[in-house]
1. Label position 7 Å from Cα toward Cβ: report the copy-to-copy distances for A:GLY36 in nm, one decimal, ordered from shortest.
2. Which translational diffusion coefficient, to the nearest whole µm²/s, is obtained for chain A from the Stokes-Einstein equation, given a Kirkwood hydrodynamic radius over C-alpha pairs, 20 °C and 1.002 mPa s?
3. Please compute P(r) over all alpha-carbon pairs of region A:214-355, binned at 10 Å starting from zero, and give each bin as a whole-number percent.
4. Under 8 Å for C-alpha pairs, at least 6 residues apart: give me the relative contact order for region A:121-205, rounded to a whole percent.
5. Distances from B:ALA348 to the same position in the other copies: list them in nm, one decimal, shortest first, using label points 7 Å from Cα along Cα→Cβ.
6. Out of the DSSP beta bridges found with both residues in the protein assembly as shown, what percent are antiparallel (nearest 5)?
7. What distance in nm separates the simple spin-label points at B:ASP263 and A:ARG104, each placed 7 Å from Cα in the Cβ direction?
8. Defining the label point at 7 Å along Cα→Cβ, can you sort the distances from A:ASP326 to the same site in each other copy, shortest first, in nm?
2 protein chains.
Amino acid sequence: MSKSQAFALILAGGGGTRLWPASRRSRPKQLLALGGAESLIAATFGRVSRVLGRERTLVVTAADQVAAIRRALPELPAENLVAEPAARNTGPAVGLGALAAAHRAGDDVRLAVIPSDAFIADEAEYGRVLTVALEHAAEAIVTVGIKPTRPETGYGYLQRGTPVREGVYEVARFVEKPDGATAARYLAAGDYLWNSGMFFFTARRLLDEAAAHMPDLAAILAEIRASADAAATANARYPAAPNISIDYGIMEKVSGIRVVPGDFGWNDVGSWSALADIRPQDGAGNVAIGDVVMSDVAGSVVVAEPGAPLVGVVGVDGLVVVATKDAVLVVPKARAQEVRAVVDALAASRRNELL
Amino acid sequence: MSKSQAFALILAGGGGTRLWPASRRSRPKQLLALGGAESLIAATFGRVSRVLGRERTLVVTAADQVAAIRRALPELPAENLVAEPAARNTGPAVGLGALAAAHRAGDDVRLAVIPSDAFIADEAEYGRVLTVALEHAAEAIVTVGIKPTRPETGYGYLQRGTPVREGVYEVARFVEKPDGATAARYLAAGDYLWNSGMFFFTARRLLDEAAAHMPDLAAILAEIRASADAAATANARYPAAPNISIDYGIMEKVSGIRVVPGDFGWNDVGSWSALADIRPQDGAGNVAIGDVVMSDVAGSVVVAEPGAPLVGVVGVDGLVVVATKDAVLVVPKARAQEVRAVVDALAASRRNELL
């Protein structure tokens, strides 16, 4: 198909509190080694750069996370780190990344937009799906949809429609996070896929769609692009960009999007309970990480980070216990999303050192 | 009744792991402020010395706890601290304390043997019961039995028999910690009392009973007493004393013991679940101590010691969570006694810094 170059835009701007107390404002989820030895972003960078080449793998992050990202990715070429002057949502971040790629390789450059904070079990299949999606990116906006394995209520879904060719479909519609009954129906129906947040298109197409659906953003991007001092203009104008995701700002408003279904052990690691799906379990279904002692414990996730107190757990089932040096979380696995209640309380009492 | 002097022997030799991770080998339960502002032993010393006078309140402890006890009891006269050369059980400790009291006030001195690590809610009633028990101590061995308020399986019991006079009974028998059904039967029967571990007798009677039932101990005590250098003899001979409790070594073998029933909010604080009985609860039945954030939590005991991480708990019922600087415990309240499983595992892996 297209002979244009392909670049990856790894999006690493996220904050997020769902993995508190390990994740903090200054240490977002993508910097955590939730999958094992390396951080999620280092694993993502490795996987993506093995497909596209290190020189064509860009990372977009907020200015205040630049130092941490550089430490996490020593192999990232310095010029491949695109810093948002202020943290905005994925819509503006993708726009800024698209300008950087187009500057190097022209507007027909194909882009793979990749979240930095997902876990992937099967890298070979992932690489295959990425390659197929990029092949279509010259002629359409493409996404990757994950074959669901459970009635997950924490993810967005998309419904696939007409086949375009073997293994590629039109997207019939995007849908928001469903309730439990709806998620069960989606799983049974067979034609619903999890929204992976990966998108593929040319820089030209992205900028065109921004002009149509996010004109405020498009105007700012055009100013930056036209400026003799793009960095100064970005510093001055980017903070005014709308705080809108690329899903909501563009993808849900465009028709003719295609989806490549993928099945490569993808996990968004959206809460501590997800560790039970991506890490080895003992015979009683527990995931234990760090300095942990358990007695008669089943189906639980128990984590003691380096520097944390030892964690001793006795006689519980389905519990999450996470200890860091300065905070401990205890919550049932089925309610792990509710860590927000603690974070909100700490924010309300201005315990910024714990956020 | 008797005009002889009365001395208290507060027994502070205990180690114990039931309050781990707050209690450690170097910081046994009696040094913890489980009842509130002051340590259990400081509260005990205050209560007892207000009845008997500070000069007549002795504390018996193991040599390696002397420094910690002095820090906890700045008002204890220096000469009133009786140090066991090596930690033995309550049988030898009472014997050593009895020698010290007899040395000052003769063999007819009446002794109140008081554990250092119980919580008492009603000091006035406690003082009344102590006074009644001491009145009888010249003519009999006396104990205080606590009116049970629940079918507790963690305490020993005694059955009261024939009344001696108003509020004083013969002890029919001592019984070990019962199972749940037996404890329920004891509670319903009305004539069973909790064994408080408080005993009252003269020094002469104690030494006579030791000679009859713990002859090895009695021989060692006699050697110490006869020596020109009692301290040196104690150092040489006391470590050979049998490691036997006064309950098992003497009380369960003697007949004619009397009991004064007491009802003064006594609690042995035998596990973390007991905190729910002695500390104020919030509207959902929780006891929260220290830097704690809770959301939708009921019937739980959540403790963050000074220097510990913040503890955030969401969506649990009947759970114990205790954090110290270097260890965290999570266990259902109903299984709080099983903290031993963690302590045993740490001991097996020689994690002495956590014991």
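1. 5.5
2. Rounded to a whole number, D works out at 101 µm²/s.
3. So the P(r) values, bin by bin, are 10, 24, 21, 21, 17, 6, 1.
4. For region A:121-205, the relative contact order is 39 percent.
5. 4.4
6. Details: 54 of 124 bridges.
Around 45 percent of the beta bridges assigned by DSSP in the protein assembly as shown are antiparallel ones.
7. 8.3
8. 2.2
Taken together, the values in this text are just the output of simple stated rules run on the coordinates, not laboratory data. Remember, predicted model here, so these are calculated numbers, not experimental data. When we count neighbours, we look across all protein chains shown, and the Cβ atoms used for this are built from the backbone with ideal geometry, even at glycine.
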